[in-house]
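A short worksheet on the structure shown next.
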Amino acid sequence: MEPKISVIIPVYNVEPFLARCLDSVVGQTLRDIEIICVDDGSPDRSIDILNRYAAEDARIRVISQENRGLGGARNRGFDAAAGEFVLYVDSDDWIDVAYCERLYEAARETGADVACASMLKIRPSYSKWTIRYTERQVVAGTQEKFRLCRCPPDFYVMNKLLRREMLLRLGLRFRERVCYEDVEYTMRVLCEGGDVVTVPGVVYRYAVNATSITKSRQTPKKQQDKYLAHKAFVDYMAAHGLHLDARFRHITRRTYDRWGITWLKLKECGDRQTFRLFDLIPVWRRRAADK
């Protein structure tokens with residue numbers, strides 16, 4: 001019989017954090033899960049930790065591949081999944097002990113395609129709620145689903161339990177070898193999928209890791225990936241007749257940093273580009289075609 005949930009964990013260079021993540025998944029109160037760990041060509045000893053856990057728990061499968069990035073690792077895990085639902089957990093994060101059980105119950109009881117948990121963003125010196133649900137709500141309208149999931153600005157896929165049949169029907173895949181691969185995936189889930197249910201009382205704990213792909217130094221490629229992802233989102237919302245606040249229609253095209261401080265941003269809105277000093281003071285405008 002198919003497991004209730006396929007938990008997919010992409011793994012790359014997370015040796016100090018991996019055991020904490022695996023312990024939180026192995027110890028779930030919902031036992032009928034499969035745990036698919038994708039070693040994405042990790043250069044450290046993460047594979048040794050994965051193999052040790054797999055030897056102790058038959059629900060764990062380890063897949064190794066050459067590095068394809070976070071999106072490629074998630075896609076490989078999804079291709080191997082057999083569960084009724086899919087849950088993506090990043091390997092430096094962890095989840096509450098009843099996380100799977102509570103999300104699964106909410107999705108089954110309401111027939112929702114997506115069940116959303118609260119997310120706590122954890123930094124070395126403090127923690128902050130990214131989103132916190134205090135009651136169960138079920139929504140079907142697209143605009144309301146975006147609002148309820150705080151999308152934008154947050155396009156996180158990790159705090160969402162997703163019906164696998166829905167993902168297969170939509171043919172959803174993560175873009176590979178790019179950053180900000182969650183943006184397109186999440187917007188399509190919310191717009192083209194079914195109902196969303198919020199689940200209070202369980203938390204996805206997102207560890208802000210300074211060495212992670214998106215949090216480490218912003219390279220020109222990362223800036224370009226972010227720009228293209230957010231531009232695609234703005235265009236998608238317009239094409240589907242969905243309202244988007246003006247502040248989210250202004251896309252950062254490029255940033256200019258010095259001594260760790262972002263002093264200039266190039267923002268784009270439609271066919272107009274604006275250079276903003278400290279993201280506050282407009283100093284120069286031009287048409288995008290004039291760049």
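The values are calculated or read from the model by the stated rules, or taken from the named source; none is laboratory data. Because the structure is predicted, anything quoted here is derived from the model rather than measured. Ideal geometry is used to build each Cβ from the backbone, glycine not excepted, and the neighbour counts take in all protein chains shown. We work out accessible area using only protein heavy atoms, side chains counted, and drop any ligands, DNA or RNA first. Shrake-Rupley method; radii C 1.70, N 1.55, O 1.52, S 1.80 Å.
Quick notes
- Checking the Cα-Cα distances for LYS160/LYS221; LYS4/LYS226; LYS145/LYS222; LYS128/LYS160; LYS145/LYS231 against a 24 Å cut-off, the pairs over it are LYS160/LYS221; LYS4/LYS226; LYS145/LYS222.
- Overall form of region 31-130 per C-alpha gyration tensor (a/c, 1.5; a/b vs b/c): oblate
- Chymotrypsin sites (Phe, Trp or Tyr not before Pro) within region 36-140, DSSP loop, no more than 11 other Cβ atoms inside 10 Å: TYR126
- Heavy atoms of the protein chains alone define the surface here; on that basis the chain has 48 Å² accessible area per residue at 1.4 Å probe size.
- Relative contact order, percent, the chain [alpha-carbon distance under 8 Å, six or more residues apart]: 17 percent
- Our summary of shape: the Cα atoms of the chain have principal axis extents of 60, 43, 35 Å, ordered from largest down, in whole angstrom.
- Region 5-207, dipole about Cα centre (Lys/Arg Cβ +1, Asp/Glu Cβ -1), debye to the nearest 20: 460 debye
- Portion, in percent, of the accessible area of the chain that falls on carbon or sulfur, probe 1.4 Å: 51 percent
- Annotation note: GluC sites (Glu not before Pro) in region 161-212 located in DSSP loop regions with a Cβ neighbour count of at most 15 within 10 Å are GLU176.
- Low-density loop positions, GluC sites (Glu not before Pro), region 100-151 - DSSP coil, at most 11 other Cβ in 10 Å: GLU135
- Once you reduce region 20-50 and region 152-198 to the center of their Cα atoms, the two points are 22 Å from each other.
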